[in-house]
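Below is one structure, written out as structure tokens, with a few remarks after it.
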């Protein structure tokens, strides 16, 4: 393991780490990257935004001091989560039900893939009141190969 952590990707005997870099590489291999630099920038912008959102949730979720955590939860639930979800829902609305370039990209898969973790951390269904994001989730999880994986994957808490 290059950095002693998972996940790793092995290609032709070479191993790499960093899940976003691996996702970007694999997206190019299977046609889920952008068609040009601008489209890739739009995808990267969304993925980085999703990661910013994830980090804001994680910081509060892992706060060890219960009093501090309780105060941070108020801001998280009343300001941070609504802000990000409204922006992402608008992006999906404006992109034909996708998060970038008006078509299925790895940004869509990335968001849907990390959503279970975000729901677990917030103890909520984050997209329940965001119809464009819910439609995105439904569309991605109904792709035959993804639906087949979801049906057979190991059951875990996250």
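Report whether or not residue 64 is at pLDDT 95 or above, over 23 Å from residue 33 (Cα atoms) and not in a helix (DSSP H, G or I). Talk me through it step by step, then tell me what you get.
Values: at pLDDT 95 or above: yes; over 23 Å from residue 33 (Cα atoms): yes; not in a helix (DSSP H, G or I): yes.
Answer is yes for this residue.
Just for segment 6-28: of the residues that are loosely packed, with under 10 Cβ neighbours inside 10 Å and over 19 Å from the mean Cα position of the chain (by Cα), which one is farthest from residue 105 (Cα to Cα)? Even if it seems obvious, please write down each step before you answer.
Pass one, segment 6-28, residues loosely packed, with under 10 Cβ neighbours inside 10 Å: 6, 10, 12-14.
Next, from what is left, pick out any that are over 19 Å from the mean Cα position of the chain (by Cα): 10, 12-14.
Values: 10: 22, 12: 25, 13: 27, 14: 26 Å.
In this case the residue turns out to be 13.
Kindly evaluate residue 56 against the criterion of being assigned by TED's automatic domain parsing to the domain that holds residue 112, assigned to a helix (DSSP H, G or I) and within 14 Å of the chain's Cα centre (by Cα).
Working: assigned by TED's automatic domain parsing to the domain that holds residue 112: yes; assigned to a helix (DSSP H, G or I): yes; within 14 Å of the chain's Cα centre (by Cα): yes.
For residue 56, the condition - assigned by TED's automatic domain parsing to the domain that holds residue 112, assigned to a helix (DSSP H, G or I) and within 14 Å of the chain's Cα centre (by Cα) - is met.
Tell me yes or no: at least one residue of segment 99-113 is under 17 Å from the mean Cα position of the chain (by Cα), outside the structural domain of residue 137 (by TED's automatic domain parsing) and free of Cβ contacts under 8 Å to residues at least 40 places away in the same chain.
No, that holds for no residue.
(1) under 13 Å from the mean Cα position of the chain (by Cα); (2) within 15 Å of residue 49 (Cβ to Cβ): which one isn't true of residue 137, the others all being true?
(2)
The values are calculated or read from the model by the stated rules, or taken from the named source; none is laboratory data. No experiment lies behind these values; they were computed from the predicted model shown. Every residue, glycine among them, receives a Cβ derived from its backbone with ideal geometry; neighbour counts consider all protein chains shown.
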